[in-house]
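The values are calculated or read from the model by the stated rules, or taken from the named source; none is laboratory data. For clarity, every value in this text was computed on a predicted model and none was experimentally measured. Cβ sites come from the backbone with ideal geometry, for glycine too, and all protein chains shown count toward neighbours.
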Amino acid sequence: MTQPPGAAATFDFSGRRALVTGAGKGIGREIVAFLTRCGADVVALSRDQGDLDSLSRETGCVGVAVDLGSADGARRAAKTAGPVDLLVNNAGIALLQPFLDTTPDAFDQTMAVNVRAALTVSQVVARGLIQRGAPGAIVNVSSQSSMVGLPLHAAYCASKGALDQLTRVMAIELGPHGIRVNAVNPTVTLTPMGQMAWGDPARSAPMLARIPLGRFAQALDVAQAVAYLLSDAAAMVHGVMLPVDGGFLTS
């Protein structure tokens, strides 16, 4: 039987500043809302100023409009956020094309946003933490598609595989500085982007059939997993790719 999500978990992030990329919609927006409810001071990055304005009204976060596909833009925005304790690299795009028709431009755009932006923003945040001698936590929002191939997702799957490997290297190099780095790897999540990719029942039914819990993820499922990895409850969790997939990878 399919079970709905349970009651929301709670964490205490009082006195900590969190930076969330790709915060305007979907999973990122839910992460911002959840972290603010847990007491964090949140800086939200997104391309869309309108999304940031409404998010700021709803949560009290500080919004910074930026195209994270630009390395310089990503670096400037991260520096604008000021001293950051917690970082969530959530920004991502999915340009769906068959493998034989995947264009260099689509591939480059996907890698720039899904991987390079995480590298660039994390460098700024990690340098700041090291200079301050402060511990910190970083969570990269990856995907189950880092571990399984999906039709029409050549660039996306490649980018998420790269993000997982980036997470591992970050964990090795930043761990000695007291900076924990992990990733979450959600299954299909019912955001606008998820609906675009999986809204057709003919496409979604085979995927859903492989999830033992019998449902796709909600944005809150992912936000709670991210918050756990950022929290002191995960103080010994480091270098992990945490599936949030209802058991998809076990099937």
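Among the numbered criteria (1) over 29 Å from D101 (Cα atoms); (2) basic (K, R); (3) free of Cβ contacts under 8 Å to residues at least 40 places away in the same chain, which single criterion is violated by R215?
(3)
Taking the range 19-42, which residues are touching a residue at least 60 places away in the same chain (Cβ under 8 Å) and within 13 Å of L220 (Cα to Cα)? Even if it seems obvious, please write down each step before you answer.
Residues of the range 19-42 touching a residue at least 60 places away in the same chain (Cβ under 8 Å): 19-23, 25-31, 33-35, 38.
Listed by number, the residues that qualify are K25, G26, I27, G28, R29, E30, I31, A33, F34, L35.
Quick one: what pairs do we get from the range 77-106, first residue on the phi > 0 side of the Ramachandran plot, second among the β-branched types (V, I, T), C-beta under 9 Å, 6+ apart or different chains?
The qualifying pairs are G82/V43.
Every residue, every condition in (1) modelled with pLDDT under 95; (2) farther than 19 Å from M170 by Cβ; (3) surrounded by 21 or more Cβ atoms within 10 Å (Cβ to Cβ), yes or no:
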{"site": "A40", "(1), (2), (3)": "no, yes, yes"}
{"site": "D53", "(1), (2), (3)": "no, yes, no"}
{"site": "S56", "(1), (2), (3)": "no, yes, no"}
{"site": "A81", "(1), (2), (3)": "no, no, yes"}
{"site": "G92", "(1), (2), (3)": "no, no, yes"}
{"site": "L100", "(1), (2), (3)": "no, yes, no"}
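Step by step: first the residues of the range 219-251, then only those that are surrounded by fewer than 18 Cβ atoms within 10 Å (Cβ to Cβ) and among the polar types (S, T, N, Q), then the one that is nearest to P176 (Cα to Cα). Which residue is that?
Here the answer is T250.
Inside the range 147-179, can you point out the residues that are part of a helix (DSSP H, G or I), without any contact (Cβ under 8 Å) to a residue 40 or more places away in the chain and under 21 Å from R203 (Cα atoms)?
Within the range 147-179, C157 is the sole residue that qualifies.
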